[in-house]
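Structure first, commentary second.
Computed from the coordinates by the stated procedures, all read-outs in this text should not be read as laboratory data. Since this is a predicted model, take the numbers as computed values, not measurements. FYI the Cβ positions are ideal-geometry reconstructions off the backbone, even for glycines, and counts take in every protein chain you see.
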Amino acid sequence: MKIDALKAGVAVIILNENNDVLLQKRKDVGLWGIPSGHVEIGETVTEAAVREVKEETNLDVAVKKLIGVYSEPSSQVFHYPDGKVVHFITTCFLAEIIGGDLRSNSDESLDVKFFQASKLPENLLTMHPRWLEDALEQREGAFIR
């Protein structure tokens with residue numbers, strides 16, 4: 001398999017007061033996933049996390065903790081519909097909502113809503129259940145996978 005690029009990514013787990021998880025239905029692949037995106041040149045991973053959540057959900061968040069860093073090719077190589085293959089090194093955070101009104105806020109999202117962790121949609125991006133499991137484990141230290 002030829003990989004076209006290596007990119008730094010961020011993913012953000014946001015739980016509401018009922019411990020439901022916020023998911024975004026992505027326009028590019030039509031699947032549900034945790035709000036996520038790329039780190040842009042000149043920004044930190046936490047800045048990227050806050051920006052991506054704002055762009056995709058219209059929510060303002062504060063990063064609470066690092067859940068893990070994920071780089072294993074089995075889950076972090078992503079095949080885009082246009083044929084590009086990208087290997088991501090993803091930093092996953094837990095964040096809390098500090099403002100904004102939830103809505104699908106960009107051309108990248110078809111929908112955004114909260115789901116019970118035990119009732120996630122079937123059409124979920126493959127790497128995202130692991131990130132959520134790690135977040136819900138409430139371990140003190142971060143995972144490195």
Quiz prompt | Chain lengthening between Asp82 and Glu137 when straightened (0.36 nm per residue, less Cα-Cα) | solution = 16.2 nm
Quiz item: Distance from the Cα centre of the range 1-20 to that of the range 67-145, in angstrom?
Solution: 4
Self-check item: Two-site label geometry, Asn16 and Val29: point separation in nm, points 7 Å out along Cα→Cβ
Solution: 2.5
Self-check item: Virtual paramagnetic centre 7 Å along Cα→Cβ of Leu6, amide N under 16 Å, in the range 46-80
Solution: 70-78
Practice problem: Taking 7 Å along the Cα-to-C-beta vector as the label spot, tell me the Ile144-Glu40 distance in nanometres, rounded to one decimal. | Solution: 3.0
Practice problem: Taking every pair of alpha-carbon atoms in the range 45-145, give the share separated by more than 17 Å as a whole percent. | Solution: 61
